[in-house]
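Student: Handing you a structure now.
Read-outs throughout are calculated quantities, based only on the coordinates presented, and are distinct from any laboratory measurement. The structure presented is a predicted model; accordingly, all values stated were derived computationally and were not measured. We place every Cβ from the backbone using ideal geometry, glycine too, and count neighbours over all the protein chains shown.
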Amino acid sequence: MNDTDQAISIIRTRAGNVSPKIALILGTGLGDAINGWQTLAAIPYGVLPGFQPSGVESHKGQLSICRVGETQIAVMQGRFHLYEGHQASAMLGPMRVLQALGCETLIITNAANALYEEHKPPGLMLITDHINAMGDNPLIGKEGNRFIDMNDAYDPALRERLLACAKSAGVTLHQGVYYAMLGPAFETRAEARMARQFGAHAVGMSTVPEVIAARSLGMRVAGISALTNRAADSTGKPHTLEDVIEGARSVAGDLGKLMAALLR
Ligand code: HPA
C-alpha cells in the first residue's frame, strides 16, 4: 500500500466509512470556526503517512472528520508552513489523501495582512487570485502533473456561491489578491508597498502550495483570508504573532457562519 492508501485506511478505521466531498484547511487562530460541529474522529498528523507533524503552536495538527447536519467535511486543523523548513511539495501528500477520501472541493483559510484601508482588520477576504513569491512550488520534482493551468485557480462559481452565502449569513466578505511570501519574518514596509503595487490586497505565508497541489489533482479550490493586521506604513504599529492570532480569533465566528451557510 502507498502512503495515500495507508492514510485512507487509518482514517476509515477511526471515523467509519466516511466520504466527505468538502475539505477545509483552518489557518492560524481560526480553530473556533468549527465550534459546535460534530467530530467523528480527530487524527493527529503524526500518525497519517504523507502528513508532517505541524510544529506551530497556534495549530492543532490534526485531521478531523466532522459532520454538519447531513454533510461530512474533512478539516485540517493546522498546516505545514514552508517557514518551518518544509518544501512546498510536502503539501502534495495531504492533498492526495483528501482527494482519495472523496473531497472534490477544498476551502483554504489563512491569516493575512491587509494592504488596503478599505479592508480594515479584523475581517474576511475571499481570495480571487494569488501571487507566488515563495520561491517554491509543490510540483517541482519528478512526480505527476507539472504544467498545470493556474487561470481561475480559485473557482469562479464557488466564489460566487461564497459571496452569496456571506450575504445570506450577514458576513462582510471583501475580495482580493493574496501575495504569498516565505516568512517567517513579517514583511518590511517596502515589501508591503511592492506587494500592493504588484496588485495584491493581502500578504501571508501559506495557502499557495496547497492551492497548486490541489489544482494539480483537479480539486475545486476556494480561499479565504482572515485579515488580521494592517501594513505597518499605515499604522506605525509593529506586527506581532499575538496580534495576528487575536485578529484571526475575532473573525473565526464569521468564518464559521460562512461555512455553515455553504454546507447547508
Ligand atoms: N505578513 C505575513 N503573514 C501574515 C501577516 C503579515 O503581516 N499577518 C498575518 N499573516
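Student: Return a yes/no flag: does segment 35-51 have any residue that is closer than 21 Å to Val244 by Cβ and either under 18 Å from the mean Cα position of the chain (by Cα) or not in a strand (DSSP E or B) (or both).
Tutor: Yes - at least one qualifying residue is present in segment 35-51.
Student: Tally the residues that are touching a residue at least 12 places away in the same chain (Cβ under 8 Å), part of a helix (DSSP H, G or I) and not β-branched (Val, Ile, Thr), restricting the search to segment 1-32.
Tutor: Residues flagged as touching a residue at least 12 places away in the same chain (Cβ under 8 Å), part of a helix (DSSP H, G or I) and not β-branched (Val, Ile, Thr) within segment 1-32 amount to 8.
Student: Provide a single number: the residues in segment 195-238 that are within 13 Å of the ligand (Cβ to nearest atom) and either at negative phi or in a helix (DSSP H, G or I) (or both).
Tutor: 23
Student: Then there's this: Looking at Asp243, Asp254 in this structure, which one is surrounded by fewer than 24 Cβ atoms within 10 Å (Cβ to Cβ) and near the ligand (Cβ under 10 Å from one of its atoms)?
Tutor: Asp243
Student: So which residues in segment 135-193 are within 16 Å of the ligand (Cβ to nearest atom), outside any helix (DSSP H, G or I) and exposed (fewer than 11 other Cβ atoms within 10 Å of the Cβ), if there are any at all?
Tutor: The one that is within 16 Å of the ligand (Cβ to nearest atom), outside any helix (DSSP H, G or I) and exposed (fewer than 11 other Cβ atoms within 10 Å of the Cβ): Gly135.
Student: Output yes when any residue across segment 98-109 is under 17 Å from the mean Cα position of the chain (by Cα) and assigned to a helix (DSSP H, G or I), and no when none is.
Tutor: For segment 98-109, residues under 17 Å from the mean Cα position of the chain (by Cα) and assigned to a helix (DSSP H, G or I): present.
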